[in-house]
Amino acid sequence: MKPLLLKLADGQIHSMTNLIQKLADEFKLTEEERAARIASGRRTVFENRVWWARTYLKKAGLIQSPERGRVSITERGKEVLRENPDRIDNDYLMRFPEFKDFRKRTKVDPVDPPEEQIDRALEQLRSAVTGELLERIRNLSPSAFERLVLDLLLKMGYGGPQLEAGELTGGSGDEGIDGVIRQDPLGLDTIYLQAKRWSQSVGRPEIQKFVGALAGKKAKKGVFLTTSEFTKDARDYAKGLSEKVVLLDGRDLAQLMYEYGLGVSVVRTLEIKRVDTDYFSDLSGEGE
């Protein structure tokens, strides 16, 4: 929180958008770190943290919001900067009665922004469910696993709405092809599938055989799916192909099943609400 307060030391009114950009530059965040979003997708993780820092500083009376989306330092905030504490954290802010009252009223533990606490809890739930999915996938028979991967790709929207958009072709004489997805009614654009319910890692030779099977079909698109993992050599080989061959391992499959609702059911829907500051600004004719 101290870096945000320092950015307001000039006593001017600053927009939160500019402050977030300046702080991201100051912390030398990578593009990936700047782009990472909280689970709701509404804000980036960094934006969310700066906005919550703004909330805590405002509740403690160190900054104010003279206009919506803009902030400035207060006399109390200037006094804190003159004191020059090593850091401004939640323990430090507890010396201010307004912040202590805020924490008591909301029963929020502001060590981390509440949305990030929710995100972590949801991620733990997701991890537990995908872990169970992976275990169940690995216990399927080979034919059941082939059925699952076809169901998954159709669930993801491949194959379109036409009847018989996908079918299993595995069995003796399958020539390394276990299934096919037709992306248009006439079958002009087709994706071929290979599904391996293996415990050992899938290496480059298996990918080469699959590519050979694609060549035999004069195909340019294929998806190789396994319950295990792919070796680095296999992944590197697939990346260098002129054909488009996608590799999905067991963890990928479990994550996609969770994302697209295959083999899982919704047990609870959670709504997260926040105060609509626009409404109150319009109502009073003033800034936040």
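As for segment 95-105, it holds at least one residue that is assigned to a helix (DSSP H, G or I) and either within 30 Å of ALA254 (Cβ to Cβ) or open to solvent by less than 50 Å² (accessible area, probe 1.4 Å) (or both). When every residue of segment 32-49 is checked against the conditions, at least one turns out to be open to solvent by less than 80 Å² (accessible area, probe 1.4 Å), of a type outside the set (D, E, K, R) and more than 30 Å from GLY250 (Cα to Cα). Within segment 198-218, the only residue that satisfies the criterion of being among the β-branched types (Val, Ile, Thr) and either outside any helix (DSSP H, G or I) or over 33 Å from the mean Cα position of the chain (by Cα) (or both) is VAL202. Filtering GLY61, GLY77 for residues that are touching a residue at least 60 places away in the same chain (Cβ under 8 Å) and among the small types (Gly, Ala, Ser) leaves a single hit, GLY77. Close Cβ contacts (under 6 Å, 6 or more residues apart or on different chains) running from residues in segment 1-24 that are within 16 Å of TYR56 (Cβ to Cβ) to residues that are part of a loop (DSSP other than H, G, I, E, B) and open to solvent by 50 Å² or more (accessible area, probe 1.4 Å) comprise LYS2/ARG87. Residue pairs whose Cβ atoms lie under 8 Å apart, separated by 6 or more positions or on different chains, with the first residue in segment 261-277 and part of a loop (DSSP other than H, G, I, E, B) and among the small types (Gly, Ala, Ser) and the second surrounded by 10 or more Cβ atoms within 10 Å (Cβ to Cβ) and modelled with pLDDT of 80 or more, are GLY261/LYS155; GLY263/LEU133; GLY263/ARG136; GLY263/LEU148; GLY263/MET257. When residues in segment 191-240 are screened for being buried (at least 19 other Cβ atoms within 10 Å of the Cβ) and polar (S, T, N, Q), 3 of them pass. Listed by first and then second residue, the pairs with beta-carbon distance under 9 Å, at least 6 apart or on different chains, first residue in segment 112-136 and closer than 30 Å to SER199 by Cβ, second charged (D, E, K, R) and at pLDDT 85 or above, are THR130/ARG251; LEU134/ARG251.
Each residue in segment 193-212 was checked for being closer than 24 Å to ILE181 by Cβ, in contact with a Ser or Thr (Cβ under 9 Å, 6 or more places away or on another chain) and not aromatic (Phe, Trp, Tyr), and 7 pass. I'd like to know if segment 175-188 contains one or more residues that are closer than 27 Å to ALA254 by Cβ, modelled with pLDDT under 60 and either open to solvent by less than 50 Å² (accessible area, probe 1.4 Å) or in a loop (DSSP other than H, G, I, E, B) (or both). No: segment 175-188 contains no residue that is closer than 27 Å to ALA254 by Cβ, modelled with pLDDT under 60 and either open to solvent by less than 50 Å² (accessible area, probe 1.4 Å) or in a loop (DSSP other than H, G, I, E, B) (or both).
The values are calculated or read from the model by the stated rules, or taken from the named source; none is laboratory data. Computed from a predicted model, the values in this text were never measured in an experiment. Counting neighbours? That spans all protein chains shown, and the Cβs are built from the backbone with ideal geometry, glycine included. To get the accessible areas, we keep the full protein, side chains included, count just its heavy atoms, and leave off ligands, DNA and RNA. Shrake-Rupley method; radii C 1.70, N 1.55, O 1.52, S 1.80 Å.
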